[in-house]
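A.B. asks: My questions will all concern the structure given below.
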Amino acid sequence: TTQRERKFSRLSRRLRIPPGHVTPKGFRLTVIADESGSMSDDEFNFALNIVKQVSVNEKNDRVYVVHWDTGPSDIVDEISNPSQVVKIKRLKSGGTNFSEIFTHKIVSNLDTDAIVVITDGYPSVWPSSIPRVPTIWAITTEGGVQSYLTFRDKTGRNIGSAVYTGSRG
C-alpha cells in the first residue's frame, strides 16, 4: 500500500493558519496591587489605571492582577482587554506582608514575563527572596521610597527597580 501524502493546502484550511506557523504567546505582565489599609482608594485606582494602559497592546497579551495585603487573594483577575478593568474591585484591606510575594504559589504559578508591584512602600515585612523575572516597584509615597532604599541597603539583594509615582495627594 502507498501512504497518502498530506497536502499543506488541506492542512492550512483545517487549522486556518499557514503551515509551520506558531501563534505567539504574547506578553504576560503580573501587577501586584497592595491593598493594605494604608493604601487609599486613589492609590488603588492608580494601580488599575496602570493595568488599563498596559493591557491594550496586542491580542495575545495578558495582564494578571494579584490583590495583596498580608498575602494574595485567591482571586487573580486576568485582563486581555482594557474594558475588563472596570470589573476589578478591591478585595482586601489588612496589613502589608511581602515576605512571600515572589515565592507564593499563586504568583509563582502565573506565566509572567515581568512584575509590577504597586505599593505605598510601607510593608511590615519586605520580600524574603529575589524575583525570578524583571520587577518594578511603583511606590506611591516619598517615605515609601526611602523605606525601599533602606531595605535594599541592608540586605544587598536586588528586588527590582523602584520608581516614585507620587500618586498620593
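A.B. asks: In straight Cα distance, which aspartates and glutamates are under 15 Å from Lys59, not counting same-chain residues fewer than 8 positions off?
C.D. replies: Result set, ordered by chain and number: Glu78.
A.B. asks: For Ile32, list long-range residues whose amide hydrogen, built 1.01 Å from N in the peptide plane, is under 5 Å from its own amide hydrogen.
C.D. replies: Under 5 Å from the amide H of Ile32 lie the amide H atoms of Val66, Val116, Val117, Ile118, each far enough along the sequence or on another chain.
A.B. asks: Still on this structure, I have one more. 5 Å is the cut-off here: which amide hydrogens, built 1.01 Å from N in the peptide plane, fall below it relative to Gly71, excluding neighbours closer than 5 in sequence?
C.D. replies: The list, which skips near neighbours in sequence, is Asn97.
A.B. asks: In a shell of Cβ-Cβ distance under 11 Å around Thr96, excluding Thr96 itself, what net charge do Lys and Arg (+1) and Asp and Glu (-1) give?
C.D. replies: -3
A.B. asks: Under a no-solvent Debye model with one identical scatterer per Cα of the range 59-158, what's log10 I(q)/I(0) at q = 0.10, 0.13, 0.17, 0.21 Å⁻¹?
C.D. replies: With no solvent term, the Cα-only Debye profile gives -0.29, -0.49, -0.84, -1.24.
A.B. asks: So, one more: Over the range 63-169, with every protein chain in place, what whole percent of the accessible area is carbon and sulfur at 1.4 Å, could you tell me?
C.D. replies: 49
The values are calculated or read from the model by the stated rules, or taken from the named source; none is laboratory data. Keep in mind it's a predicted model, so treat the numbers as computed, not measured. Note that we place each Cβ from the backbone using ideal geometry, even for glycine, and neighbour counts take in every protein chain shown. The area values use the complete protein model at the heavy-atom level, side chains included, leaving out ligands, DNA and RNA. Shrake-Rupley method; radii C 1.70, N 1.55, O 1.52, S 1.80 Å.
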